[in-house]
Every structure is written in structure tokens, then in C-alpha cells.
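Asker: Take this structure, written in C-alpha cells, and hold onto it; I'll ask about it next.
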Amino acid sequence: MNGVDFLNSLLTIHPSLRFLGLVEKSGHLCASVIRQGINEHLKGRNPEISYSQSAYLVELGKIFENELGHLKSVIYIYDKVVMFSIPIKNHIVVFSTDRNINIGTVFEKVQSFIKNVETELDLELDIKNISQEKKGIRNLYDSGISEEMIAEQLDLNLTTVKSLVKIITTNAK
């Protein structure tokens with residue numbers, strides 16, 4: 001199951017789920033779904049900042065795992081929504097819900113779903129999920145631009161760029 005299929009399936013488990021995304025440890029959003037008819041609260045660059053914040057706090061929280069045990073989630077409670085960040089493999093599932101929910105119930109449903117499908121979940125790079133614009137990596141790479149600069153130029157995670165370059169150079173042989 002790829003990331004988008006996972007998120008679409010997850011969206012069906014509770015009607016209060018508004019937005020779901022898969023975020024890399026760098027804070028880069030690699031897949032997302034939103035419930036139809038939902039009014040988005042975060043505009044402009046604020047969603048990107050929110051993903052980065054979630055990734056940062058999850059990674060920071062992992063520092064204490066030896067003393068406190070496995071980090072299960074980070075939860076933000078706002079007036080309008082509740083936002084969750086749950087580590088899974090090398091990614092973070094981020095999602096928001098309506099504010100008037102039982103947080104424990106929704107969290108348990110989502111966590112149970114993740115546990116049940118985690119072994120089927122393939123979060124490795126899926127070339128089909130990379131937009132046409134970002135497939136221009138080949139031209140940039142062939143022109144001698146560093147992978148770091150390509151990542152910055154195309155707003156991609158460096159690991160994603162390195163994986164694509166590896167695929168591109170392997171397929172060229």
C-alpha cells in the first residue's frame with residue numbers, strides 16, 4: 001500500500017478527520033488527502049511551517065525515549081481543530097480533526113488502523129507520486145548541479161533527490 005492509498009483508507013475511519021498527510025523527518029510533505037467540503041484553516045506557507053514543526057517536535061521527543069518509552073504521538077489542541085503527529089517508520093502521519101471530538105477515541109482508532117496496516121505500507125520513494133515538474137532532476141543533475149542545490153531548487157527532501165538520482169543513473173546504464 002502506498003502513502004496516498006494509506007491516507008485515503010485512514011480518512012474513512014472517522015468522520016471528524018479533516019486532513020491527513022505523510023511527512024518526512026525533514027518536514028517535507030510527501031503525500032496528503034483532505035476531506036471534501038472542508039474549509040482549510042491554514043493558508044499560504046503556514047501548512048509547510050506546521051509540517052516542519054511536527055517533524056521537529058517528534059524528532060525532539062524521541063530524545064527521551066530511553067527514559068520515557070516509545071513516543072506515540074504529539075497532539076496540539078487549538079480552538080478550531082485538534083492536530084496529531086504520529087511517528088511511523090521514517091515518516092510522521094499528521095492529521096487534523098474537528099475540535100469537538102473525544103481525543104482518546106480518535107487517537108486509538110487511528111493508532112489501531114496504523115498498527116494493522118503498517119507491514120503492508122510502502123513509504124519508499126514512488127516515482128509516480130513525483131510531479132512532472134520535479135522530474136526535471138535529470139536535466140539539473142546532468143548539468144552538474146549538486147544534489148543539495150537540486151533539493152533546494154525543487155523543494156524536495158535531499159533523501160528524495162538522492163533516491164531519484166540513483167534511479168536515474170541506474171536506468172541510464
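Asker: Here is a list: 67, 108. Which entry is loosely packed, with under 13 Cβ neighbours inside 10 Å, over 21 Å from the mean Cα position of the chain (by Cα), among the acidic types (Asp, Glu) and assigned to a helix (DSSP H, G or I)?
Answerer: 67
Asker: If residue 123 satisfies all but one of (1) loosely packed, with under 12 Cβ neighbours inside 10 Å; (2) modelled with pLDDT under 95, what's the number of the condition it fails?
Answerer: (1) is the only condition that residue 123 fails.
Asker: Please find, among 128, 115, the residue that is under 18 Å from the mean Cα position of the chain (by Cα), surrounded by fewer than 14 Cβ atoms within 10 Å (Cβ to Cβ) and either under 21 Å from residue 18 (Cα atoms) or at pLDDT 85 or above (or both). Walk me through how you get there before you give the answer.
Answerer: On the way: 128 fails: either under 21 Å from residue 18 (Cα atoms) or at pLDDT 85 or above (or both).
When all the criteria are applied, what remains is 115.
Asker: What number of residues within region 2-35 satisfy the criterion of being loosely packed, with under 15 Cβ neighbours inside 10 Å and farther than 17 Å from residue 106 by Cβ?
Answerer: Result for region 2-35: 1.
Asker: Separate question: Take the residues in region 70-102 that are over 24 Å from residue 119 (Cα atoms) and among the charged types (D, E, K, R); name whichever of them is surrounded by the fewest Cβ atoms within 10 Å (Cβ to Cβ).
Answerer: It comes out as 79.
Asker: Another question, if that's okay. How many residues, within region 10-59, are touching a helix residue (DSSP H, G or I) at 6+ places or on another chain (Cβ under 7 Å) and farther than 20 Å from residue 123 by Cβ?
Answerer: 4
Asker: Looking at (1) more than 11 Å from the chain's Cα centre (by Cα); (2) part of a helix (DSSP H, G or I), which is the only condition residue 42 fails?
Answerer: (2)
Asker: Given the conditions (1) in contact with a strand residue (DSSP E or B) (Cβ under 9 Å, 6 or more places away or on another chain); (2) touching a residue at least 24 places away in the same chain (Cβ under 8 Å); (3) of a type in the set (A, V, I, L, M, F, W, C); (4) loosely packed, with under 15 Cβ neighbours inside 10 Å, report the number of the one that residue 38 does not fulfil.
Answerer: Going through the list (1) in contact with a strand residue (DSSP E or B) (Cβ under 9 Å, 6 or more places away or on another chain); (2) touching a residue at least 24 places away in the same chain (Cβ under 8 Å); (3) of a type in the set (A, V, I, L, M, F, W, C); (4) loosely packed, with under 15 Cβ neighbours inside 10 Å, residue 38 breaks only (2).
Asker: Right, next: Going by what's in this entry, would residue 52 be described as touching a residue at least 12 places away in the same chain (Cβ under 8 Å) and either more than 18 Å from residue 160 (Cβ to Cβ) or assigned to a strand (DSSP E or B) (or both)?
Answerer: Working: touching a residue at least 12 places away in the same chain (Cβ under 8 Å): yes; either more than 18 Å from residue 160 (Cβ to Cβ) or assigned to a strand (DSSP E or B) (or both): no.
No, not satisfied.
Asker: So, one more: Take the conditions free of Cβ contacts under 8 Å to residues at least 24 places away in the same chain and not hydroxyl-bearing (Ser, Thr, Tyr) and apply them to residue 47. Does it pass?
Answerer: It is true that residue 47 is free of Cβ contacts under 8 Å to residues at least 24 places away in the same chain and not hydroxyl-bearing (Ser, Thr, Tyr).
The values are calculated or read from the model by the stated rules, or taken from the named source; none is laboratory data. These numbers were taken from a predicted model, which means no experiment stands behind them. Note that each Cβ is placed from the backbone with ideal geometry, even for glycine, and that neighbours are counted across all protein chains shown.
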